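Student: One structure coming up, written as structure tokens, with questions to follow.
Derivation of every value follows stated rules applied to the coordinates shown; laboratory data play no part. No experiment lies behind these values; they were computed from the predicted model shown. Here Cβ is always computed from backbone atoms with ideal geometry, including for glycine, and neighbour counts include all displayed protein chains.
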Amino acid sequence: MSVRQLPIIPISTPRIGAVGKTGKWRIFKPIIKQDKCVKCLQCWLYCPDAAIIRDENDNVTVNYDYCKGCGICAHECPVKAIEMVKEE
Ligand code: SF4
Ligand code: SF4
């Protein structure tokens, strides 16, 4: 089965925790360069926090409320379409 055949709804979805939204922990944030993205969905598959949002056309965006800035998505992206930039 290819990644694209997986259901869009992830097994788990982010929720507000005891200390609030986990996006506040972030030091670096991922920026997706949509013009470079080939919709392979590796970032969506590997994000440990289910913070990559995938739409019905396999476009991907980041849920910054819950992205912790771990950088796994940028590491896994085969075309380097995700850049990690320091938070302001
Ligand atoms: S930086 Fe980490 S938490 Fe944020 S979207 Fe990428 S893989 Fe998910
Ligand atoms: S891993 Fe990279 S190319 Fe693949 S969907 Fe994510 S941003 Fe796009």
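Student: ³J(HN,Hα) across the range 52-63 via Karplus (A = 6.51, B = -1.76, C = 1.60, θ = phi - 60°), whole Hz, x for Gly/Pro?
Tutor: Here the 3J(HN,Hα) series is 9, 9, 10, 9, 5, 9, 6, 6, 10, 9, 9, 8 Hz.
Student: Further, regarding this structure: What are the ³J(HN,Hα) values, in whole Hz, obtained from phi via the Karplus relation 6.51 cos²θ - 1.76 cosθ + 1.60 with θ = phi - 60°, for each residue of the range 31-37 in sequence order, with x given for Gly and Pro?
Tutor: Once θ is set to phi - 60°, the couplings for the range 31-37 become 10, 8, 8, 4, 6, 9, 5 Hz.
Student: Where is the GNM fluctuation largest for the chain (alpha-carbon springs, 10 angstrom cutoff): ALA18, ALA51, ALA74?
Tutor: Sorting by GNM fluctuation, first place goes to ALA18.
Student: A further question follows. Expressed as a rounded percentage, what relative contact order does the range 8-88 have, with Cα pairs under 8 Å and six or more residues apart?
Tutor: For the range 8-88, the relative contact order is 42 percent.
Student: Search the structure for amide H atoms under 5 Å from the amide H of TYR66, placed 1.01 Å from N in the peptide plane, and list their residues when 5 or more places away or on another chain.
Tutor: Residues meeting the amide H criterion: GLY23.
Student: For PHE28, which sequence-distant residues (separation of 5 or more, or a different chain) have an amide H within less than 5 Å of its own amide H, given hydrogens modelled in the peptide plane?
Tutor: Residues meeting the criterion, in which the H sits 1.01 Å from N, are GLU87.
Student: Taking 7 Å along the Cα-to-C-beta vector as the label spot, tell me the GLN34-VAL79 distance in nanometres, rounded to one decimal.
Tutor: It is 1.4 nm.
Student: Here is a further query. Per-residue HN-Hα couplings for the range 75-84, Karplus 6.51 cos²θ - 1.76 cosθ + 1.60 at θ = phi - 60°, whole Hz, x for Gly and Pro?
Tutor: 5, 7, 5, x, 10, 6, 8, 10, 10, 8
Student: Calculate log10 I(q)/I(0) of the chain for q = 0.25 Å⁻¹, where I(q) comes from the Debye formula with a single equal point scatterer on each Cα and nothing for solvent.
Tutor: For the chain, the Cα-only Debye profile gives -1.34.
Student: Once fully extended, how much extra length lies between ARG15 and LYS86, figured as 0.36 nm per residue of separation less the alpha-carbon to alpha-carbon distance?
Tutor: Additional length available on full extension: 23.1 nm.
Student: Name the residues whose placed amide hydrogens come within less than 5 Å of the amide hydrogen of ILE52, ignoring near sequence neighbours (fewer than 5 apart) on the same chain.
Tutor: ASN63
Student: Related question: Go through the chain and flag any cysteine with no other cysteine's C-beta closer than 4.7 Å, please.
Tutor: So, CYS37, CYS40, CYS47, CYS67, CYS70, CYS77.
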